[in-house]
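For reference, the structure discussed in these notes is given below.
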Amino acid sequence: MNNEFGKVAVLYGGTSSEREVSLSSGAAVHEALVTSGVDAHLLDTRDHQALFNLKGQGFARAFIVLHGRGGEDGQVQAILDWQGIPYTGSGVLACALAMDKVLTKRVWQTFGLPVKPDLVIDAATTYAELVAALGGSHFAIKPALEGSSVGVSRVGNQAELEAAYQKAGGIREKIMAEPWVTGRELTYPVIGGRVLPGIEVTASAEHLFYDYDAKYLAEDTRYRCPPPIDAALDGQLRELTRRAFDAIGAKGWARVDFILDGDNRPWILEINMVPGMTSHSLVPLAAREDGMDFVALVRQILAQTR
């Protein structure tokens, strides 16, 4: 047994809408750690008693593989800080900020990073108000505090807006609207401050965009790594990734998502503080292109525990 890291808790599962993805990610990370000789143990954070007693169970550090609220938003990070247990990824403040897409975009705007305007909406917001505030004719409606494209819709009239508002969570959620951009979707992971090769993601014609089904279930989503773009644009996207990562105080690892519009202008969509680690996930794909297998990737992330 490799004692370099001590006893490691792989925190997965949880209670968010992305629980199933987290279960798959956590199982893959755990298997890789055990394969490499790490004393790793799976712990579903739905077990609150175990989560609050990690120190008493002899855990020396934690590998966080929780997606969405309750694990990617600073809550688990705060519990680990309270217990004095080092963990993978960013700290409380950066995670809490990144979970809120609206606030994250405000920070990026102050740093001069390219983001589309947005509007926080409620049940009284009209389609005409979106046109007046954001321009254009089609908009993305999404919950501001969800990931994996959960609850996202494209709307082009009042009836679609009303349905999309309810799909995004209605009165229970903070819901935002952005101009809909039709273009190429790319993503760039960051590991230890180094930007890995980018990936272009193309969903099949059955999907309007790279939605939850295309991300985790479909077998016909196309991934091209590195993306077929010129060196200058690739360099620009890498630099934007670094700046977006640094602007919110991120640490360890993350993944920054972009869309290129019809004029090849990049717009930052969001940053994922605990990216997926499943067979469909993008960070392992970029790592392989960079010459790093899954086991090496997982160990490198663990080695950066803070």
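The table below lists the values:
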| read-out | value |
| --- | --- |
| Helix-only [θ]222 nm of the chain, DSSP H runs n ≥ 4, -39500 (n - 2.57) each, per residue, nearest 500 | -10000 deg cm²/dmol |
| Ile175 - accessible surface, heavy atoms, 1.4 Å probe, Å² rounded to 10 | 0 Å² |
| Cα centre as origin, Lys/Arg/Asp/Glu Cβ charges: the chain dipole, Debye | 780 debye |
| Mean separation of Cα contacts under 8 Å, 6 or more apart, over the residue count of the chain: relative contact order % | 20 percent |
| Area accessible to solvent at Arg222, 1.4 Å probe radius, in Å² | 130 Å² |
| Solvent exposure, largest accessible area first (probe 1.4 Å, DNA, RNA and ligands not counted), of Arg46, Arg106, Arg224 | Arg46, Arg106, Arg224 |
| Residue-normalised accessible area of region 8-88, expressed per residue, 1.4 Å probe, Å² | 38 Å² |
| Sites excluded, GluC sites (Glu not before Pro) in DSSP loops with at most 11 other C-beta within 10 Å, longest stretch of the chain | 1-205 |
| The chain - percent of accessible surface contributed by carbon and sulfur, probe 1.4 Å | 51 percent |
| Cross-link pairs Lys7/Lys251; Lys142/Lys174; Lys55/Lys251; Lys142/Lys251 - those with Cα-Cα distance over 19 Å | Lys7/Lys251; Lys55/Lys251; Lys142/Lys251 |
| Residue-normalised accessible area of region 119-179, given per residue in Å² at a 1.4 Å probe | 44 Å² |
| Over region 119-179: Kirkwood hydrodynamic radius from C-alpha pairwise inverse distances, Å | 11.1 Å |
| Cleavage-rule hits (chymotrypsin sites (Phe, Trp or Tyr not before Pro)) in region 45-125: DSSP loop, at most 16 neighbouring Cβ within 10 angstrom | Phe52, Phe111 |
| Cα extents of region 8-88 along the three principal axes, largest first (Å) | 31, 27, 19 |
| Solvent-accessible surface ranking, highest first, for Asp230, Asp100 at 1.4 angstrom | Asp230, Asp100 |
| Estimated inter-spin distance, Gln57 and His41, nm [label 7 Å along Cα→Cβ] | 0.6 nm |
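The values are calculated or read from the model by the stated rules, or taken from the named source; none is laboratory data. Remember, predicted model here, so these are calculated numbers, not experimental data. Note that we place each Cβ from the backbone using ideal geometry, even for glycine, and neighbour counts take in every protein chain shown. Just so you know, the surface numbers come from the protein's heavy atoms only, side chains and all, with ligands and any DNA or RNA stripped out. Shrake-Rupley method; radii C 1.70, N 1.55, O 1.52, S 1.80 Å.
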